[in-house]
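*Asks:* Dumping the structure here so I can ask a few things about it.
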Amino acid sequence: MPVVPLTDIVGPAARERYGVPAVNVLNDLTLEGVLAGAVEARSPLIVQTSVKTVKSIGSEVLFAMWTAMTRGIEVPVTLHLDHCPDRAVITECLERGWNSVLFDAHSLSLDENQRQTVEVVAEARRTGAHVEGEIEGIGVEDGVGSEAVGPDGRLAVERQVEFVRATGIDVFAPAIGNAHGQYASAPTLESDKVSAIVEATGVPVALHGGTGLSTEQFHDLIARGCAKVNISTGLKERYMRSSLDFLRGAEAESRWDPPSLFTAVQADVVAFTRNLCETFGSAGRAA
Ligand code: 13P
């Protein structure tokens, strides 16, 4: 099973109502670990890179790692650029071979976001790539009311549906009370919005801020059409805690052997990814 377009992964997931982990990797170890976890779980996988990771490793090295590590892989995988407001980085990754990008223009006015998202979709199509779109925060952040904004200060579902249709995006990331990082308290999610958007557009929804949501919340949102489930903070924490545990042991024994640190951390990344696949229902779907 080769590297495939994003829609080859989220399409079946949306139809059959399972979620595919979209995990942000940080380096070679985490990339290798999440791929191995998906292979063990016989699951499709979306690998995400933040703009920060693209800039720190460099798109050329990062893409070379991706190509080498996915050669001959037995499950469908795809490479996605997470939250990117910078058109130059979008172009760089598309030209390099990323399969999809999240053009994050939520800080622009809604009309300008829509206009530029149309351009990004056209640009992506030229390389056979796909686009996730986002308008979250609009209506709340600018503090200016409009007929598109409801009494709760949130953008009406109708306007979100219009954005999805007008831009031709392949995946949509709505704000539904979710947030990146650990939640200070259990979030109340506007899951009805997911159902309404998916029913009206047929476009799968990306669930952002996956770290800290409950299994029940995942299952409910996935059943409503969240086919792409984003996880970043959870993997970062697992990586750091796993390293810390190992290093404490190394210090106690005065045994300083970096390869055994890498092996231990990677085993945890593999287990972490396998667990996500099982929780979201994607395990066994690539069998
Ligand atoms: P978390 O960091 O909360 O897991 O969210 C990840 C995410 O949505 C990346 O876009």
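Every number in this text was worked out from the coordinates using simple rules, so none of it is lab data. All figures in this text were calculated on a predicted structure; none of them were measured in a lab. Every residue, glycine among them, receives a Cβ derived from its backbone with ideal geometry; neighbour counts consider all protein chains shown.
*Asks:* For a quick size check, give me the Cα extents of the chain along its three principal axes, largest first, whole Å.
*Replies:* 65, 42, 36
*Asks:* Please get the size of the charge dipole for the chain, origin at its Cα centre, with Cβ charges of +1 on Lys and Arg and -1 on Asp and Glu, quoted in debye to the nearest 20.
*Replies:* Details: 24 positive and 38 negative charges, 123 e Å.
The calculated dipole for the chain is roughly 600 debye.
*Asks:* Which one, VAL25, ILE169, ASN230, is farthest towards the positive end of the dipole of the chain when Lys and Arg carry +1 and Asp and Glu -1 on their Cβ?
*Replies:* Farthest along the dipole direction, towards plus: VAL25.
*Asks:* Additional query: Let a ≥ b ≥ c be the square roots of the eigenvalues of the Cα gyration tensor of the range 184-261; is it rounded (a/c under 1.5), or, if not, prolate (a/b larger than b/c) or oblate? Show your work: numbers first, answer last.
*Replies:* Details: a/c = 5.30, a/b = 3.13, b/c = 1.69.
Prolate shape, in that a/c is at least 1.5 and a/b is the bigger ratio.
*Asks:* Under a GNM of the chain (C-alpha, springs under 10 Å), which listed residue has the highest mean-square fluctuation: GLY234, GLY210, GLY58?
*Replies:* Of GLY234, GLY210, GLY58, the most mobile in the Gaussian network model is GLY58.
*Asks:* Compute the FRET efficiency between ALA184 and VAL61 as 1/(1 + (r/R0)^6), taking r as their Cβ-Cβ distance and R0 = 35 Å, and round to the nearest 0.05. Working shown, then result.
*Replies:* On the way: r = 36 Å, r/R0 = 1.04.
With a Förster radius of 35 Å, E is 0.45.
*Asks:* Order these by the 10 Å Cβ neighbour count, fewest first: VAL270, VAL89. Spell out each step's value before the answer.
*Replies:* Details: VAL270 20, VAL89 16.
Listed from fewest to most nearby Cβ atoms, that is VAL89, VAL270.
*Asks:* Looking at the chain, which longest stretch skips every one of the GluC sites (Glu not before Pro) that is in a DSSP loop with at most 15 other Cβ atoms within 10 Å, leaving the sites themselves out? It would help to have the intermediate numbers written out before the result.
*Replies:* Numbers: sites that count: GLU74, GLU141, GLU147.
Here the longest segment lacking exposed loop sites spans 148-287.
*Asks:* Each label point is 7 Å from the Cα along the Cα-to-Cβ direction; what then is the distance between the points at ALA200 and ASP257, in nm?
*Replies:* Going from the ALA200 label point to the ASP257 one covers 6.0 nm.
*Asks:* Say the cut-off is 24 Å between C-alpha atoms; which of LYS52/LYS236; LYS193/LYS236; LYS55/LYS193 go over it?
*Replies:* LYS193/LYS236; LYS55/LYS193
*Asks:* Would you mind calculating the gained length between VAL4 and ALA68 on full extension (0.36 nm times residue separation, minus the Cα-Cα distance), in nm to one decimal? The partial results should precede the final answer.
*Replies:* Numbers: separation 64, 0.36 × 64 = 23.04 nm, distance 1.51 nm.
Between VAL4 and ALA68, full extension yields an extra 21.5 nm.
*Asks:* Hey, another quick one. Give me the angle, in degrees from 0 to 90, between the Cα long axis of helix 6-16 and the longest principal axis of the Cα atoms of the chain, rounded to the nearest 10.
*Replies:* 80 degrees
*Asks:* How would you rank ARG154, ARG248, ARG87, going from fewest to most other Cβ atoms within 10 Å of each one's own Cβ?
*Replies:* ARG248, ARG87, ARG154
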